[in-house]
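The values are calculated or read from the model by the stated rules, or taken from the named source; none is laboratory data. Because the structure is predicted, anything quoted here is derived from the model rather than measured. Quick reminder, even Gly has a Cβ in these numbers, built from the backbone with ideal geometry, and neighbours come from all protein chains shown. Areas reflect the complete protein model, heavy atoms only, side chains present, ligands, DNA and RNA absent. Shrake-Rupley method; radii C 1.70, N 1.55, O 1.52, S 1.80 Å.
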Amino acid sequence: MLKVEEATRLINAQVRDYGSERIALDETVGRVLAEDVAADRDFPPFDRVSMDGIAIDYTAFENGRTEFRIEQTIAAGEPIATLKNKDNCMEVMTGAVCPEGCDTVIRYEDLEINGGVARIMIDDIRHTQNVHNQGIDRTAGDILIKVGKLINAADIAIMATVGKAEVLVRKNPRVCILSNGDELVQVHETPEPHQIRRSNVHALSNLLKSRHVDAETRHISDDRELIREHVEQLLQDFDVLLMSGGVSMGKFDHLPSVFDELGVEKVFHKIQQRPGKPFWFGKHPSGTLIFAFPGNPVSTFMCAIRYFIPWLNTTLEQRDIPEMSAILSEDFHFRPTLQYFLPVKTHMKDGQLYGAPRPGHGSGDLANLSDADGFLELPIDRSDFQKGEAFRFWTF
């Protein structure tokens, strides 16, 4: 069996380039940026008023003047105006262009206005206060968002500001999620005593949706010829197959032999880990990659988070992913010589992330996942793990 590090290396060696596509701005949240976004003009593009009040020439106040006759009122969106008399002022609104001849804004709260004259009521006035000067944030041509960033709502605002009605993003792979097994029925069906409802496919599908990857889902019964027929077609139609079940050692685990018949190269089968030891990974000459996870729900979920999502991030050239760790909140013991992915419930304390063990009752204990929000990756060469130690954390 491979160790986790070697399996990770072999998977990352199969990174693909699916190209890029230009899509509408409002469809880009959750996608990975495939181009740098630059400022098309200065940020802000003019000396911007940042408080409602009056704009003055600071030298007049510095010379002792505290009363200013209002020459004009300027709203946001109006063309730039000019102060005619430096002993006067302009009434200005937030977002307006600071008038020429003015360099300081005093807010309404610090004024008394009567008969068109504004009187400053405080002594603490600073030169250029409440003026957001042109280019102070960024200048024209500056890179605002770098290629490889996972786009969020704040990025949308920035791209809208620079006129990016369409944005170049990394193209997602075409993914199909395939489950198999006669014991599985649809969610809306009432299972017989010997059956269970399909759950893994829904977990995988929504895990991908959280990354804005739309995947098709299929289900096949435990008929070997039917499995072969479906898989042969899927290998031509999709870039990635995510499979749940059918890769262990049982008489009805047909996938490894079907893959062999269809010319799929096995990169590895079985990892020295728990859960998810029977994980099978391979590639087809067409370029399609196969992540065939063990059917137990915790195994499927863990393997997808630990192996597929990092591969997807690397494939899409996402560059803003921090590596997370969490501190074990109590002692934990695990004897087998396997790298153990321990379900934990996290909480923050004194600015640090802690994980409380939620080991459950094995890889079939699906309900236990609701008590956890990630896995701690515990080293293979130890059995005893001490409270206060930090380990790699894989969040749900």
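Here are the numbers for the structure shown:
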| item | result |
| --- | --- |
| Within segment 231-309, trypsin sites (Lys or Arg not before Pro) in DSSP loop having at most 15 other beta-carbon neighbours inside 10 Å | Lys251 |
| Computed magnitude of the charge dipole of the chain (debye, nearest 20; Cβ of K, R +1, Cβ of D, E -1) | 1240 debye |
| Charge dipole (debye, nearest 20) of segment 21-99; +1 at Cβ of Lys and Arg, -1 at Cβ of Asp and Glu | 260 debye |
| Gain in span if fully extended, Glu112 to Arg218, counting 0.36 nm per residue against the direct Cα distance | 31.0 nm |
| For Gln72, distant residues with modelled amide H under 5 Å away | Glu91 |
| Whole-Hz couplings from phi, Karplus 6.51/-1.76/1.60, listed for segment 296-305; x for Gly and Pro | 4, x, 5, 5, 4, 5, 4, 4, 5, 6 |
| Most mobile listed residue (His188, His254, His284) in the chain, GNM with C-alpha springs under 10 Å | His188 |
| Placed amide H near Thr346: partners under 5 Å, 5+ positions off or other chain | Ala356, Asp373 |
| Residue among Trp394, Leu378, Ala292 farthest towards the positive dipole end of segment 250-396, charges placed on Cβ | Ala292 |
| Accessible surface of segment 43-165, 1.4 Å probe, proportion on carbon and sulfur as whole % | 48 percent |
| Dipole of the chain [Lys/Arg +1, Asp/Glu -1 at C-beta], most positive-end residue of Ile327, Val131, Pro275 | Pro275 |
| Label point 7 Å beyond Cα of Ile380 along Cβ direction - residues of segment 288-302 with amide nitrogen under 12 Å | none |
| Inverse mean reciprocal Cα-Cα distance (Kirkwood Rh) of segment 88-202, Å | 21.4 Å |
| Cα centroid separation - segment 5-54 against segment 58-89, whole Å | 41 Å |
| Residues of the chain: accessible area per residue with a 1.4 Å probe, Å² | 49 Å² |
| Near-label residues of segment 12-51 by backbone N, under 17 Å of a point 7 Å along Cα→Cβ of Asp137 | 37-51 |
| Distance between modelled label sites at Met1 and Glu229, nm, 7 Å Cα→Cβ extension | 3.6 nm |
| All aspartates and glutamates inside 14 Å of Lys345 as judged from Cα atoms, apart from same-chain residues fewer than 8 positions distant | Glu330, Asp371, Asp373, Glu377 |
| Partner lysines for Lys283 [C-alpha distance under 27 Å; skip if fewer than 8 residues away on the same chain] | Lys3, Lys171, Lys209, Lys251, Lys266, Lys270 |
| Whole-Hz couplings from phi, Karplus 6.51/-1.76/1.60, listed for segment 69-78; x for Gly and Pro | 6, 7, 7, 6, 10, 10, 9, 4, x, 7 |
| Length-normalised contact order for the chain - Cα pairs under 8 Å, 6+ apart - percent | 16 percent |
| The chain: equivalent-ellipsoid semi-axes (sqrt of 5 x gyration tensor eigenvalues, Cα, Å) | 61, 25, 18 |
| Segment 1-81, Rg to Rh (Cα coordinates; Rh as Kirkwood inverse mean 1/r) | 1.39 |
| Rel. contact order, % - alpha carbon contacts under 8 angstrom, at least six apart, segment 241-333 | 25 percent |
| Where only alpha carbons of segment 257-367 are counted, the Rg and the Dmax (Å) | 16.8, 56 |
| Separation in nanometres of the label points that stand 7 Å from Cα toward Cβ, at Asn152 and Glu323 | 2.2 nm |
| Label-zone membership for segment 201-218, site Val29, 7 angstrom Cα→C-beta point, backbone N under 16 Å | 209-213 |
| Dipole of the chain, positive direction: furthest Cα of Leu312, Val258, Tyr18, with charges on the beta-carbon | Val258 |
| Karplus 3J(HN,Hα) series, Hz, for segment 329-335 with 6.51 cos²θ - 1.76 cosθ + 1.60 (x for Gly, Pro) | 8, 7, 4, 9, 10, 9, 7 |
